[in-house]
1. Do we have any residue at all in the range 89-104 that's at pLDDT 95 or above, of a type in the set (A, V, I, L, M) and not in a strand (DSSP E or B)?
2. So HIS40 clears everything in (1) free of Cβ contacts under 8 Å to residues at least 24 places away in the same chain; (2) within 16 Å of the ligand (Cβ to nearest atom) except one condition, right? Which one?
3. Pick from the range 61-99 the residues that are among the polar types (S, T, N, Q) and within 16 Å of the ligand (Cβ to nearest atom): which of them is surrounded by the fewest Cβ atoms within 10 Å (Cβ to Cβ)?
4. Out of all the residues in the range 268-300, which are more than 6 Å from the ligand (Cβ to nearest atom) and either without any contact (Cβ under 8 Å) to a residue 24 or more places away in the chain or on the phi > 0 side of the Ramachandran plot (or both)?
5. So which residues in the range 164-222 are at positive phi and surrounded by fewer than 13 Cβ atoms within 10 Å (Cβ to Cβ)?
6. What strands (runs of 3 or more DSSP E) lie completely within the range 7-60 and have 3 or more residues being assigned by TED's automatic domain parsing to the domain that holds CYS165 and buried (at least 19 other Cβ atoms within 10 Å of the Cβ)?
7. Exactly one of (1) surrounded by fewer than 20 Cβ atoms within 10 Å (Cβ to Cβ); (2) within 16 Å of the ligand (Cβ to nearest atom); (3) not in a loop (DSSP other than H, G, I, E, B) is unmet by TRP246. Its number?
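The values are calculated or read from the model by the stated rules, or taken from the named source; none is laboratory data. Quantities reported herein were computed from a predicted structural model and do not represent experimental measurements. FYI the Cβ positions are ideal-geometry reconstructions off the backbone, even for glycines, and counts take in every protein chain you see.
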Amino acid sequence: MNEMLNVVVDGLWCQGDRSLAVRLVSASGEALPDWEPGAHIDLHLPCGLIRQYSLTGENRADSYLICVAQESASRGGSRYIHQTLRPGQKLLISAPRNLFALRDDGPVLLLAAGIGITPLYAMLLQREATGRPFVLHYFVKRREEAAFLRELSRPLSHGICVVHCSAEGDSPRQTLETILSTPDGEERIYTCGPVGFMTAVRDAAVKKGWPQTHIHSEAFAPVTPTSTPQDEATFTITLASSGEKWPVPANKSIAQVLQENGVAVPLSCEMGICGACLTPVLGGVVDHRDTVQSAVEKSAAAQHVALCCSRSHSGELVIDL
Ligand code: FES
């Protein structure tokens with residue numbers, strides 16, 4: 001189980017006309033755990049929801065900063081933060097977890113869309129502070145909705161930042177092709193934003209010859225089911241340690257079946273986007289439904305299954321529990 005921290009909402013302020021920055025400080029006054037750009041926390045909201053948000057801004061020991069967009073199709077988390085959360089409120093959060101860390105010191109191309117700017121803004125600040133090269137392209141519909149626009153407009157010494165507004169005729173569709181140069185072997189792409197944007201980035205980059213292993217992405221959006229419960233086949237989930245096995249019917253996740261049978265499962269987002277429930281697979285063929293693992297990880301010899309959402313292509317899946 002990930003370490004839990006008690007924090008207090010220290011401040012809330014607007015970032016653009018549809019996002020809210022939230023500063024969290026330790027309730028005890030002790031320093032908060034260190035984090036690296038790309039890390040996220042689980043925010044346990046008093047309304048019972050748990051949501052994942054990237055840490056952003058500077059890495060400080062006394063506070064964490066997150067930024068939350070107002071989502072018209074909110075499943076409750078964004079609405080609660082925008083309408084109900086107030087300074088002084090106490091919250092429970094997880095310690096930072098990083099599934100989107102910068103892999104090395106080489107040059108990076110950061111491609112953000114919408115609220116996907118949050119982890120990439122932290123990456124930009126770290127690169128700038130340590131004198132390592134970067135280029136950030138930030139895509140928004142309207143300039144007024146851009147978060148951290150004032151901060152991103154300051155002069156930079158080690159990289160450049162370009163804001164693209166589709167309302168001004170500068171959309172990813174028109175621009176990606178141009179800004180993605182031929183890969184130089186060392187440079188890596190880090191992209192965050194809506195799934196459609198990240199797919200467009202990946203497709204355009206692969207077309208230009210970028211290896212999949214140099215394209216890193218993170219999406220905080222639920223997996224869209226590609227089949228209905230009627231289409232799903234029942235399969236057997238087996239614990240390698242004890243040999244216990246149970247059927248996983250169409251209307252239940254592996255995690256639900258395990259919990260019903262008294263097996264502790266580390267769960268957080270329950271949408272395949274955080275990685276908390278990833279478990280090694282020792283036998284069978286995983287039907288991957290998560291977005292937390294890359295295409296390369298999903299086709300690697302050593303397989304992990306997201307217990308909250310993935311299923312099985314084979315009749316039985318043996319997991320390392
Ligand atoms: S609980 Fe988040 S990926 Fe399964």
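1. no
2. (1)
3. The first filter runs over the range 61-99 and keeps only residues among the polar types (S, T, N, Q), leaving 63, 70, 72, 74, 78, 83-84, 89, 94, 98.
From what's left, within 16 Å of the ligand (Cβ to nearest atom): 94, 98.
Numbers: SER94: 21, ASN98: 16.
Checking each candidate, the answer is ASN98.
4. Those that are more than 6 Å from the ligand (Cβ to nearest atom) and either without any contact (Cβ under 8 Å) to a residue 24 or more places away in the chain or on the phi > 0 side of the Ramachandran plot (or both): GLY284, HIS288, GLN293, GLU297, LYS298, SER299, ALA300.
5. Taking the range 164-222 and keeping what is at positive phi, we get 169, 185, 193, 209.
Those that are at positive phi and surrounded by fewer than 13 Cβ atoms within 10 Å (Cβ to Cβ): GLY169, GLY185, GLY209.
6. Values: elements: 19-26, 39-44, 50-54.
Filter on the range 7-60 gives an empty set.
7. Unmet for TRP246, out of (1) surrounded by fewer than 20 Cβ atoms within 10 Å (Cβ to Cβ); (2) within 16 Å of the ligand (Cβ to nearest atom); (3) not in a loop (DSSP other than H, G, I, E, B): (2).
For every residue, the table says whether it meets (1) surrounded by 15 or more Cβ atoms within 10 Å (Cβ to Cβ); (2) at pLDDT below 90; (3) part of a strand (DSSP E or B); (4) in contact with a Leu (Cβ under 9 Å, 6 or more places away or on another chain).
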position	(1), (2), (3), (4)
MET271	yes, yes, no, no
CYS274	yes, yes, no, yes
VAL281	yes, no, yes, yes
VAL292	yes, yes, no, yes
ALA301	no, yes, no, no
VAL305	yes, no, yes, yes
VAL318	yes, no, yes, yes
